[in-house]
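Sharing a structure below in structure tokens format, with a few things to ask.
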Ligand SMILES: Cc1cc2nc3c(=O)[nH]c(=O)nc-3n(C[C@H](O)[C@H](O)[C@H](O)COP(=O)(O)OP(=O)(O)OC[C@H]3O[C@@H](n4cnc5c(N)ncnc54)[C@H](O)[C@@H]3O)c2cc1C
Ligand code: FES
């Protein structure tokens with residue numbers, strides 16, 4: 001069985017959500033057009049925002065660089081929850097009790113927004129209310145949960161220590177658990193597929209394979225796309241995950257990017273009905289997926305690391321998840337495996353609002369720290385209110401231009417930026433020892449080519465793909481990612497396919513192709 005699983009994870013990665021659901025396709029923008037509001041990015045934040053604005057009667061155009069929902073949203077684990085690790089004890093300390101309570105309320109509203117939309121529009125998306133648990137295997141982890149439970153109590157959060165409930169569902173010993181009641185899970189691709197159909201009915205223009213590369217004028221915005229067509233508009237919503245125009249507001253210096261992995265597998269053991277996440281390392285996230293044929297799969301997530309900072313062959317991360325599945329749940333077969341990345345901000349609160357002081361026509365939603373389902377909906381509501389000139393009680397908390405940089409944020413800021421500076425230099429110093437000839441089929445590596453560094457991948461047919469592996473964002477050297485067959489940048493998380501196309505921003509330009 002181990003051999004069979006190994007063969008499966010050698011296949012192309014792809015999430016359960018993307019593999020089992022269809023989203024209609026749309027043309028790319030080929031000429032110059034104008035619109036009232038341009039929403040850039042067709043993930044959860046962009047699609048719900050486009051829907052809410054169109055419902056307000058606004059003329060909306062949605063631009064997507066690739067396929068709708070094909071970004072992080074199509075590769076998430078899709079728990080909709082206000083339980084974000086031990087965020088409340090942290091926020092009580094860094095942002096204060098009032099803001100911590102506001103954060104909880106905002107996330108409950110985000111969750112409720114998704115449930116309401118699914119119900120009102122009759123979208124069948126496996127939406128199901130579940131309790132969410134954090135569990136601890138170590139004494140230190142148990143202490144963290146007890147502290148978090150105190151924060152729950154002070155903030156009036158519906159939850160408590162619940163080791164007995166959690167132990168009844170988990171097949172391994174735990175020391176402590178903390179529950180947040182009545183959260184939810186769903187299928188994000190089915191949900192957003194339903195919303196996209198509504199966008200069509202409301203005459204929202206949708207363009208796929210249309211990458212925004214530049215904002216030509218910031219006060220009367222004109223968006224330039226990769227193929228040089230232009231979209232003129234009155235307001236721009238940047239929902240591109242990592243803002244593509246990240247130099248406005250220096251987002252690259254204010255966010256850290258983290259990648260993690262997931263599998264969906266058939267198991268012989270009992271699948272927990274609650275949604276679980278460990279507080280200890282190695283991090284594990286568990287939830288069920290109820291398939292249409294009535295059979296359930298277990299989803300196991302975890303193995304996070306800084307994007308482009310993998311310390312081993314990335315296949316190993318999937319294998320570690322499978323090992324957890326085999327040892328604890330009787331994993332029989334891995335049907336799907338995938339990975340994705342998300343950004344965290346300096347103070348762990350997303351940036352939602354005006355991109356930077358003085359640019360009121362350009363709004364952004366980013367930095368969801370792997371909790372972007374409820375936050376995607378919050379962003380949509382908040383940005384819609386901002387466009388409509390309405391107040392929103394969460395505006396100050398999420399404001400990207402909030403200026404109070406606390407000591408703990410400043411330390412994280414300095415550490416992240418020092419690490420970028422190090423990567424910029426480190427990557428250039430060493431000439432790779434490998435050569436093109438040493439690559440077998442299916443292998444990629446940095447190689448020495450014509451006395452220069454180059455990124456090389458020999459595909460399964462033996463064809464060689466050579467690129468300049470220098471990231472087009474700010475010039476750091478990318479690293480080969482074996483499992484995803486991509487070039488990943490350690491500085492701000494841009495990723496490129498082996499032929500050089502952009503997979504993840506902030507980069508907007510492909511890697512330069514090189515001749516053999
Ligand atoms: C492994 C993993 C598991 C997660 N699990 C959970 C979970 O259980 N619960 C939870 O709440 N959150 C979870 N998250 C976080 C959540 O999935 C994300 O925060 C959320 O999906 C981000 O949505 P988005 O709309 O901002 O980005 P995306 O879904 O990435 O959408 C952005 C879109 O913009 C497009 N785009 C990018 N650049 C451009 C450009 N220049 N022009 C035009 N289009 C562009 C992209 O192609 C993409 O489709 C997880 C994240 C990861 C990485
Ligand atoms: S992502 Fe910024 S230099 Fe590569």
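The values are calculated or read from the model by the stated rules, or taken from the named source; none is laboratory data. This one's a predicted model, so the numbers in the text were calculated from it and none came from an experiment. Reconstructed Cβ throughout: ideal geometry from the backbone, glycine too, with neighbour counts over all protein chains shown.
Under 6 Å between Cβ atoms, which residue pairs at least 6 apart in sequence (or on different chains) link something in the range 71-83 that is within 25 Å of residue 502 (Cβ to Cβ) with a partner that is near ligand 1 (Cβ under 6 Å from one of its atoms) and not in a strand (DSSP E or B)?
So the pair list comes out as 71/43; 71/241; 72/241; 73/43; 73/44.
Hey, among 102, 53, 121, 63, which residue is farther than 23 Å from residue 302 by Cα, in contact (Cβ under 8 Å) with a residue 40 or more places away in the chain and under 20 Å from the mean Cα position of the chain (by Cα)? If you could, list the steps in order and put the result at the bottom.
On the way: 102 fails: under 20 Å from the mean Cα position of the chain (by Cα); 53 fails: under 20 Å from the mean Cα position of the chain (by Cα); 121 fails: under 20 Å from the mean Cα position of the chain (by Cα).
Matching residue, one of 102, 53, 121, 63: 63.
OK, next. Which of the residues that make up the range 487-516 are free of Cβ contacts under 8 Å to residues at least 60 places away in the same chain, under 23 Å from residue 43 (Cβ atoms), part of a strand (DSSP E or B) and away from ligand 1 (no atom under 11 Å from the Cβ)?
487, 496, 497
Checking the conditions here, which among 442, 462, 500 is away from ligand 2 (no atom under 11 Å from the Cβ) and at pLDDT 95 or above?
Values: 442 fails: at pLDDT 95 or above; 462 fails: at pLDDT 95 or above.
Selected residue: 500, the only one of 442, 462, 500 that is away from ligand 2 (no atom under 11 Å from the Cβ) and at pLDDT 95 or above.
Here's the yes/no breakdown for (1) away from ligand 1 (no atom under 15 Å from the Cβ); (2) outside any helix (DSSP H, G or I); (3) modelled with pLDDT under 95; (4) touching a strand residue (DSSP E or B) at 6+ places or on another chain (Cβ under 6 Å):
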position	(1), (2), (3), (4)
38	no, yes, no, yes
46	no, no, no, yes
54	yes, no, no, yes
61	no, yes, no, yes
70	no, yes, no, no
73	no, no, no, no
89	yes, no, no, no
100	yes, no, no, no
113	no, no, no, no
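Regarding residue 309, is this residue farther than 26 Å from residue 21 by Cβ, within 16 Å of ligand 2 (Cβ to nearest atom) and in contact (Cβ under 8 Å) with a residue 12 or more places away in the chain? I'd like the intermediate steps shown before the answer.
Details: farther than 26 Å from residue 21 by Cβ: yes; within 16 Å of ligand 2 (Cβ to nearest atom): yes; in contact (Cβ under 8 Å) with a residue 12 or more places away in the chain: yes.
Taking the combined requirement at face value, the residue satisfies it.
So which residues in the range 34-77 are surrounded by fewer than 24 Cβ atoms within 10 Å (Cβ to Cβ) and over 20 Å from residue 22 (Cβ atoms)?
34, 35, 36, 52, 54, 55, 56, 57, 58, 59, 61
Something else now. Looking only at the range 133-164, which residues are without any contact (Cβ under 8 Å) to a residue 40 or more places away in the chain and part of a strand (DSSP E or B)? Show your work before the answer.
Kept after step one, since they are without any contact (Cβ under 8 Å) to a residue 40 or more places away in the chain, are these residues of the range 133-164: 139, 142-143, 146, 149, 153, 158, 160-164.
Within the range 133-164, 160, 161 qualify.
Let me ask another. I need the full set of residues from the range 467-476 which are buried (at least 24 other Cβ atoms within 10 Å of the Cβ) and more than 8 Å from ligand 2 (Cβ to nearest atom), in order please.
Kept after step one, since they are buried (at least 24 other Cβ atoms within 10 Å of the Cβ), are these residues of the range 467-476: 469, 471, 476.
Scanning the range 467-476 gives a single hit, 469.
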